[in-house]
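A.B. asks: This structure is in structure tokens; I'll ask about it shortly.
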Amino acid sequence: MLEGLPLILLLVAAVAFIIVATARINLHAFLTLLVAAYATGLAAGLDPAETASLVTDGFGGVLGYIGIVILAGTIIGTALERSGAAIVIAETILDLIGEDHTPEVMAVTGSLVSIPVFCDSGYVILSGLSRSLAERSKLSLATLSVALAGGLYVTHVFVPPTPGPIAAAGILGADVGLVMLAGILVSAPVTLVAAKWAGTVASRYHIDPAPEMTMDDIKDEYGTLPSPARSFAPILVPIALITLGSIAAYPEAENPALVTGPLQRWLLFAGDPAVALVVGAFTSFAVVPEFSDDVIDEWVSDGLTDAAVIIAVTGAGGSFGQVLSALPLKQFIGNTFSGLGIGLVAAFVIAAALKTALGSSTVAILTTSGLVAPLLGPLGLASQWGRVFAVLAIGAGSMTVSHANDSYFWIITEFSDMETATAYQAWTLATLLLGVVSIVWIVVLRNAVGMVF
């Protein structure tokens with residue numbers, strides 16, 4: 001099996017193939033990712049049977065986690081769009097904040113939602129809102145999609161109770177409360193950077209929101225639009241359920257007796273993203289102006305049809321990531337960068353290398369935390385605040401960068417009608433910027449805290 005530098009060169013070649021095949025040759029991303037997964041495994045020296053198994057396991061593993069979420073989310077989006085509820089939501093928000101700061105509002109909304117909700121689930125839930133706001137405010141869908149994705153991404157890697165930062169805090173022995181506080185301080189300006197990038201760079205790529213039905217179409221067909229309360233419910237109900245589930249799962253609950261109690265078990269059930277989105281799908285039926293079996297069946301069927309391509313591409317991305325995870329990339333990256341001796345930047349570089357190579361932010365966080373834990377003393381991070389900022393530096397690295405082996409990349413691309421070449425420029429480069437800005441800000445905060453404590 002390939003190891004060391006030849007393996008890294010193979011990874012670079014695989015990513016280059018994906019970029020060229022999707023952006024230049026226009027080969028569909030589903031086929032491109034599968035070819036890349038098979039070819040990378042075989043070229044790296046994996047057993048052919050193992051390579052085939054890794055591809056199928058990766059496809060099923062990703063869809064086992066996100067498949068129902070995508071399906072239920074598209075049903076919600078179809079109902080919100082065709083009923084006019086998405087228009088009502090957009091009108092309500094813009095009446096409150098105006099159209100001048102729409103990217104900032106989208107990014108902040110994403111950052112708040114992603115504290116209890118995984119970023120990919122949050123994007124599925126809110127993608128319809130970004131589409132309707134783009135139509136209402138006459139902005140490119142790329143602008144609001146990137147703003148939303150960036151806001152979701154930032155708190156996903158910095159602020160507990162998201163599993164990544166909680167697990168890192170546990171591995172490194174950092175206080176979870178301090179990680180949460182410092183994570184919020186880091187997230188706030190970085191979220192605004194995401195919004196600014198969306199408004200200045202992503203906005204160069206015009207994507208028509210192209211709603212299926214306009215307000216006039218809906219009024220002509222049904223004569224009315226749903227109320228704001230009914231319109232917001234399909235979005236807020238899943239978010240509330242997932243939030244309650246995250247609270248119930250919080251590892252330092254004050255009452256340990258609740259860990260096995262019936263209330264917590266039901267909250268964990270209802271807060272599972274798949275369950276919460278299915279509940280949201282049924283809630284979305286309340287926005288139907290003229291409730292009938294035909295309307296519900298048609299809307300659900302169309303939503304499932306729309307989800308097919310998204311599921312296929314997301315699953316193929318999981319296949320590629322699974323093959324990469326079976327290669328000795330972690331060992332090479334860890335051995336190469338663990339001796340840098342530059343504290344927080346070393347933790348950031350290791351996490352960024354793993355994120356770029358493996359695709360999963362959570363895997364990058366967990367792996368880097370394991371590598372860094374025994375090095376906290378030599379890296380000068382053994383103090384209480386040093387451990388806290390080590391968690392955040394790892395989180396910053398785990399954002400850098402999101403590309404073809406990241407399922408979140410494909411969810412953003414497919415739900416926003418974004419061409420792959422556009423996604424690399426509007427989203428992948430954004431994650432590079434967010435990661436670099438984050439580590440700089442983390443180092444500044446660490447030095448400021450060091451002067452006080």
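A.B. asks: Among G183, G151, which is under 25 Å from A79 (Cβ atoms) and either of a type in the set (D, E, K, R) or crowded, with 22+ Cβ neighbours inside 10 Å (or both)?
C.D. replies: One residue alone meets the criteria, G151.
A.B. asks: Follow-up. Only residues in segment 189-208 that are over 20 Å from L445 (Cβ atoms) and in contact (Cβ under 8 Å) with a residue 60 or more places away in the chain count as the first member; pair them with residues that are among the hydroxyl-bearing types (S, T, Y) and part of a helix (DSSP H, G or I), Cβ under 7 angstrom, at least 6 apart or cross-chain, and list the lot.
C.D. replies: Correct list of pairs: A198/T143; G199/T143; A202/T143; S203/T143; Y205/T422.
A.B. asks: Within segment 105-125, is there a residue that is within 13 Å of A194 (Cα to Cα) and more than 16 Å from the chain's Cα centre (by Cα)? Explain how you work it out, then say what you get.
C.D. replies: Initial filter on segment 105-125 (within 13 Å of A194 (Cα to Cα)): 105-111.
Okay, now just the ones that are also more than 16 Å from the chain's Cα centre (by Cα), so 105.
Among the residues of segment 105-125, at least one is within 13 Å of A194 (Cα to Cα) and more than 16 Å from the chain's Cα centre (by Cα), which makes the answer yes.
A.B. asks: With segment 344-445 as the region, which helices (runs of 4 or more DSSP H) entirely inside it contain at least 1 residues that are within 19 Å of the chain's Cα centre (by Cα), at pLDDT 90 or above and not hydroxyl-bearing (S, T, Y)?
C.D. replies: 344-358, 384-397, 407-415, 420-423
A.B. asks: Here is a further query. Pairs, please: C-beta under 6 Å, at least 6 apart or cross-chain, first residue in contact (Cβ under 8 Å) with a residue 60 or more places away in the chain and farther than 13 Å from Y38 by Cα and in segment 304-328, second of a type in the set (D, E, K, R) and assigned to a helix (DSSP H, G or I)?
C.D. replies: I310/E414; V313/E414
A.B. asks: Looking at (1) in contact with a Gly (Cβ under 8 Å, 6 or more places away or on another chain); (2) at pLDDT 95 or above; (3) farther than 12 Å from L434 by Cα, find the lone condition where A142 falls short.
C.D. replies: (1)
A.B. asks: For segment 220-231, state whether one or more residues are on the phi > 0 side of the Ramachandran plot, more than 23 Å from the chain's Cα centre (by Cα) and at pLDDT 75 or above.
C.D. replies: Within segment 220-231, the first condition is being on the phi > 0 side of the Ramachandran plot, and the residues that meet it are 223.
Pick out the ones that are also more than 23 Å from the chain's Cα centre (by Cα) and you get 223.
Narrowing further to those that are at pLDDT 75 or above: none.
No - not one qualifying residue is present in segment 220-231.
A.B. asks: Still on this structure, I have one more. Restrict the check to segment 98-119 and report whether at least one residue is under 30 Å from A14 (Cα atoms) and part of a helix (DSSP H, G or I). Lay out the reasoning, then the answer.
C.D. replies: So the first thing to find is which residues in segment 98-119 are under 30 Å from A14 (Cα atoms), and the list is 118-119.
Still in the list and also part of a helix (DSSP H, G or I): 119.
Yes, that holds for at least one residue.
A.B. asks: Also, quick follow-up: Among the residues of segment 397-406, count how many are touching a residue at least 60 places away in the same chain (Cβ under 8 Å) and surrounded by fewer than 23 Cβ atoms within 10 Å (Cβ to Cβ).
C.D. replies: Let us first name the residues in segment 397-406 that are touching a residue at least 60 places away in the same chain (Cβ under 8 Å), namely 398-399, 402-406.
With the extra rule that they be surrounded by fewer than 23 Cβ atoms within 10 Å (Cβ to Cβ), the set shrinks to 403.
Counting residues in segment 397-406 that are touching a residue at least 60 places away in the same chain (Cβ under 8 Å) and surrounded by fewer than 23 Cβ atoms within 10 Å (Cβ to Cβ) gives 1.
A.B. asks: Additional query: Only residues that are among the acidic types (D, E) and more than 19 Å from A36 (Cβ to Cβ): list them for segment 394-429, please.
C.D. replies: Within segment 394-429, the subset among the acidic types (D, E) is 406, 414, 417, 419.
Correct list: D417 only.
The values are calculated or read from the model by the stated rules, or taken from the named source; none is laboratory data. Treat the numbers as computed from the prediction; the structure is a model and nothing was measured. Cβ sites come from the backbone with ideal geometry, for glycine too, and all protein chains shown count toward neighbours.
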